[in-house]
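As structure tokens, the structure follows; a few thoughts come after it.
Derivation of every value follows stated rules applied to the coordinates shown; laboratory data play no part. Just so you know, these numbers come straight off a predicted model, no measurement behind them. Glycine gets a Cβ as well: all are built from the backbone with ideal geometry, and neighbour counts include every protein chain shown.
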Amino acid sequence: MFYGEYRHSIDAKGRLFIPVKLREELGEKFMLSRGLDKCVAIYPMEAWNDFTERLEKLPVAKERRVRRYFYSGAYECSLDSQGRIVLSQMYRDFASLDKDVIIAGNRSHLEIWDAKAWDTEQQFVNNEEIIKELEELDF
């Protein structure tokens, strides 16, 4: 299970260090995909398979764009010997990732956010909003 918030930097070659604690749960190979809210998602293979299994149950005629969104840019990834991943230019452009980023846990996967975008997103999250969403979900 992924949780926590980690601040790191992307180097000039697009490499991002993944903290040791997170590497252990990711496993040897994992998947990168577009996330929601202009971030990059990192899924351990088991979580990716669970996620795509749910996507495959959607009716193709209605949800083909959803599938394209997640599948077209997804790729299998592994860590280099220094514990880094390479974020393609496509992902850096998609999520406006320049240098300073946040790696945020989201239970089954990680999200990589531009640090300023993350800080802005966190300003919108407040106790009342979370309580309302939980109530709407019958939690």
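Under a 10 Å cutoff between Cα atoms, tell me which one of Val86, Val101, Val66 has the largest fluctuation in the Gaussian network model of the chain. Sorting by GNM fluctuation, first place goes to Val66. Which label belongs to the value computed from this structure, given these candidates for P(r) over Cα pairs in 10 Å bins from 0, in percent: [x] 12, 44, 35, 9, 0; [y] 13, 49, 35, 3, 0; [z] 11, 39, 35, 15, 1? Recomputing P(r) over Cα pairs in 10 Å bins from 0, in percent here picks out [z]. Counting only Cβ charges, +1 for Lys and Arg and -1 for Asp and Glu, the dipole size of region 99-139 around its Cα centre is about 280 debye.
Counting only residues at least eight positions apart within a chain, or on another chain, the lysines with an alpha carbon under 17 Å from that of Lys29 are Lys21. The dipole here belongs to the chain: it is taken about the Cα centre, uses +1 on the Cβ of Lys and Arg and -1 on the Cβ of Asp and Glu, and is about 700 debye. When region 5-136 is described by a simple charge dipole with +1 on each Lys and Arg Cβ and -1 on each Asp and Glu Cβ, the residue from Ala41, Trp113, Gly14 located farthest towards its positive end is Gly14.
Given an 8 Å cut-off on Cα distances and at least 6 residues of separation, report the relative contact order of the chain as a percent. Mind dumping the intermediate values first?
On the way: 194 pairs, mean separation 49.6, N = 139.
Answer for the chain is 36 percent.
For the options Ile85, Ile103, Ile42, a Gaussian network treatment of the chain with springs between C-alpha atoms closer than 10 Å singles out Ile85 as fluctuating the most. Dividing the summed helix terms, -39500 (n - 2.57) for each DSSP H run of n ≥ 4, by the number of residues in the chain produces a 222 nm estimate of -12000 deg cm²/dmol to the nearest 500. The trypsin sites (Lys or Arg not before Pro) of region 56-113 that DSSP puts in a loop, and whose beta carbon has at most 15 other beta carbons within 10 Å, are Lys57, Lys99. Annotation note: GluC sites (Glu not before Pro) in region 1-74 located in DSSP loop regions with a Cβ neighbour count of at most 16 within 10 Å are Glu28.
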